[in-house]
Every structure is written in structure tokens, then in C-alpha cells.
1. Note down the magnitude of the dipole of the stretch 146-268 about its Cα centre, charges +1 on Lys and Arg C-beta and -1 on Asp and Glu C-beta and zero elsewhere, to the nearest 20 debye.
2. To make sure I understand, if each residue's beta carbon is the centre and we count other beta carbons within 10 Å, what order do Asp194, Asp46 fall in, fewest to most?
3. Can you give the FRET efficiency to the nearest 0.05 for Ala82 and Ser221, using r as the Cβ-Cβ distance and R₀ = 51 Å?
4. Taking the Cα-to-Cβ direction at Thr120 and at Gln424 and moving 7 Å from each Cα, how far apart do the two end points lie in nm?
5. Evaluate E = 1/(1 + (r/R0)^6) for Asn286 and Ala189, where r is the Cβ-Cβ distance and R0 equals 25 Å; express this FRET efficiency to the nearest 0.05.
6. Compute, for the stretch 162-208, the length of the dipole vector about the Cα centre, with Cβ point charges of +1 (Lys, Arg) and -1 (Asp, Glu) only. Units Debye, rounded to 20.
7. Show the residues, 5+ positions off or on another chain, whose built amide H is closer than 5 Å to the amide H of Val177.
8. Given charges of +1 on the Cβ of Lys and Arg and -1 on the Cβ of Asp and Glu, with all other atoms neutral, how large is the dipole of the stretch 253-332 about its Cα centre, in debye to the nearest 20?
Amino acid sequence: MNRAAKQLHLVAVFLLAGTLAECKSPDLRSNLAATPLAASALTASDLAILAPLAASPSAAKEMFSIEGDGQCNVFGFDAGAADPILSRRLFQELSDEAFAQLPPVRIDPSLPAATQAMLTKINARLSSPAAKQDAKCGEAISFTPFPDTVLLKTAAHIARIKGILGGVCNYENWRIVSMRFDVCTDSPAVAGWDTATQLPKCQYTEFRLVAQPIVPADGGSHEVLDDAIHLIYRLDHPAALIQSLRAFKALSDNATKGSPWAEADRGGARMLLPHPGLRAEMNRCNGPVAHAFRDLVTSYARESQLTSLAWMTSSTAEAQWSFKANDVRGGHLVAGEAPRIHENFSLNAFNSQEYPLTTDEGLTTSIHPWYKSLAANTAAQARSFAPTVNALLNPKVISQQADAKHNSNCVSCHLADQTRDAVQTLAGSWPTTNQYPTPPTWSPFMQRGHSMQNLRNFGYVPGFHFGVSARTVNEVDALRDSVQRFFP
């Protein structure tokens, strides 16, 4: 480490020592030394951190104006030592459910008798001792030559049935690619939220991480798999986190002084970007910003605070996606208060203009009417559907929590950008009912909404293309407003 790097590292230690010690030791909260930065100085990129990553150093040059892939600045589930982000044991529980063994397929009695008979045979095969003994993570279930539309009616784990990449099963492959938090996840249900000057009592205050598997590729490069785990932790003291973020920003700003990329593309405090401080260290390992980011995350993301997990997998053909969520109680996965079966999206069905979502009655969502009549939708129907799309993209109308009032769920939020693009194209004019005043958006993020194969909300798709949705951009903007009001 050269002299300048040592000086930056000392700055990191000085700035973060109080805040990190504070969140680990409640006795120190009253003695926390304030940093000179006010909450108003925190930008969107300070409140929601996306680690800049690329497949190779040369690939990073074009996007980030720096020759480095950033891979050694992201870390795995084992960070945090005795109380890690996610233990190997709990990961194995998740892996068994999401990536390896398949539960029996639910047989819909409305299906034709011949289809029901075939599904019964599949269930017999899945439950046999030989199947359990021979099961390999991600291996396709080759004896299920059913069209996607049939599998969608069963609410089965369609991506797993079609086959997923085995790299998802390796604990060591997973990396934390982004971090977010929310001071009140259920704010749409809190009376007087928009005018309050003191933080109201909220049911959910959360610290969130997104992890994705990253594997070696040809020529020493890397590839990110189109799979993700969202980890949600209880955030008992949001004020302490915001103090930590103020200190982290001071360190990051020091690292980016004179950076042409940061100055040219910052686009104002409301514009969300890949984190500028981590971008400045893409060509090095364990720099002061990356080191401080790891310390920040492991101070608030501990398995003992983990409340729930949500995961998404895509098939090897990138034509089917499955979603599911579990609560975590007593250190184990549980079904949760509102048990969810698999939510699915099929690109094959969509391209055939057939209903591409799980058809289980319990998963009928706000986007159901649009996808149910894809070929028959008219401009008038599009205009009438616009307020529904606006609501999905508006965190002040629909919260991150499962929203029965608006019939929102994982798949409806992950398809919100694509649905908006399709509806806008047909509608012509666009009603503003329920519309969020979206802040300026970095142009590489905007490409996400035009692809039906990019279902990521705050991470990457294969090729390290960005998967950052308009919903995420809006959520971060709303969070910035909350931080400024409640934590000046």
C-alpha cells in the first residue's frame, strides 16, 4: 500500500470507527462523534450502493473510464465472521429449496386428464429415493417435455424444471453486489407520512442486500449468472446507519476528487449511479473505500438480524424465471405469514402471446389483465391501464411488502418496466394518475426496461449489463426525501 493509500485508509478508520463501533455497541450511541456532512449532502448513490463491476478490465474501460473489473471489491456471504451475512448452513437450506431438490408439482384439477396423469408420474419420480439420491444442483428435469403454459398452471418451479446453471449452488460463488435500506418500508400505509417531520412508527425498517453468483469465464474474465438472493435484515437504529453513510460519503468523496467520470456523470444529487468511490477503486484490491464498504455492510447485515430471504432463478436458456420468498425464524427458513408458491414468468409464452405468468388464483396480480389479453390490447385499454403501471413504479403508492390492496408481488414489480414500455407504446398519450416524479436517470440504467430478459431490479444480468429498474430509482429518490426530513 503506497503512502497516499495509507493516508486514505487512516481517514477511513477515523471516520468509520465511531459509527461502526456505535452500531455494534449500544452503550456508545450517545457518544457518537458527528461527521461534518449533513443528511442533505447524501446523494442517491450514497443511500443505495451498487458496486461497479465488469467482466474484465478492458470491458470496464468503455463504461467506467477505468481499466479494472472491480471483482475484488465485492465479498461473499461469509463476511462478518462469527455472525456472517449468511451462514453456509442457512445457505444450504435455501439451496436445497431454490436450486436442488424440487417439491412435488401441484396438479390443477382443471388440467386435461392426460396432463394430470403425466404430472402424477413426475411427482412419483421426484419423490423416489433414487431421484433424491441422484439429484444434482441445477440439472434439468429431462422427463418433463411440457410446454411452459402447462407448467405455469401448476405454479411449479419452472426455471428449475427447465434447468439452471449449477454454479448457483456453490456458496463461494455468491457476492454482495448492492446495498439498500428503508426507514419505513410500509410508508404508503402510514397516515400522514408525506407531511411528517418526525419519523412515524413503522412496522418495517429494513437493511437490504442483493447477492448474485459470479463465476470464472474464459481468459481470466468473469461472468455473472442471472440469479439473485435478496437478504432483508432488521434495522433497529436507522439513525446510526445514516451516520455511518455520512462518514462513508466523506471517505468516498476524498477518493473521487478530480475524477472526470464522477464529475461528468453525477447528474445531480437525485441521480443514482454505480457507486463513484468504488468505481475509483475498480483497478485495485482492498482499497480504503472497498474496505470501508465491507465494514459498513457487515455491521448491519448479520444473520442474527436476518428476517427474510427472496430469490430469483432463471433457466439456462434465459427463457423462464421463478421467484419465491421465505421468512427466517430461529435461524431457519419458514413459509412466512403469507406463504407464497412459485411465481413465474415465461418468455416463451410471452413470445407466443400466451399468458406468461403463473396462473394460480392466489397469484393474480395487478398486471394480470394486460398479459391476459396480449394480442387484443387496444390503445384505449392501454390508457386505462396506465394508472396501474404508474402505481407499480411509485413507492408512495405500493410498498415493498406484499400489497394485497394493489395485488403486487415479486413478478409484478420485476416486470414493471417492461409492462410500462409496452403500455406506453400502445397508449400514445400517458395519464399521470399515480405517477411518481422520476428523477434524472443515468442512461445505461434506462436500457433495462426494453428487454424482456432483464428482470433484475438492482444488480446485473449476464455480460454485466445493468439491471436497475425505474422502481428502484424511484424508491431511492423517495428514501432520500425521508432521510432529509427525519435525519437532518
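The numbers here are math on the coordinates, done by the rules we state, and not lab data. Values in this document were obtained by computation on a predicted structure and should not be read as measured data. Positions of Cβ are generated from backbone atoms using ideal geometry, with glycine treated the same way; all protein chains shown enter the neighbour counts.
1. Values: 12 positive and 14 negative charges, 53 e Å.
Dipole about the Cα centre, nearest 20: 260 debye.
2. Details: Asp194 12, Asp46 24.
Fewest-to-most ranking of Asp194, Asp46: Asp194, Asp46.
3. Working: r = 34 Å, r/R0 = 0.67.
Rounded to the nearest 0.05, the efficiency is 0.90.
4. According to this spin-label approximation, the distance is 5.0 nm.
5. Values: r = 43 Å, r/R0 = 1.71.
For R0 = 25 Å, the calculated efficiency reads 0.05.
6. Working: 5 positive and 5 negative charges, 39 e Å.
The calculated dipole for the stretch 162-208 is roughly 180 debye.
7. Close amide H contacts, sequence-distant or interchain: Val210, Ala211, Gln212.
8. Details: 9 positive and 8 negative charges, 18 e Å.
Magnitude of the dipole: close to 80 debye.
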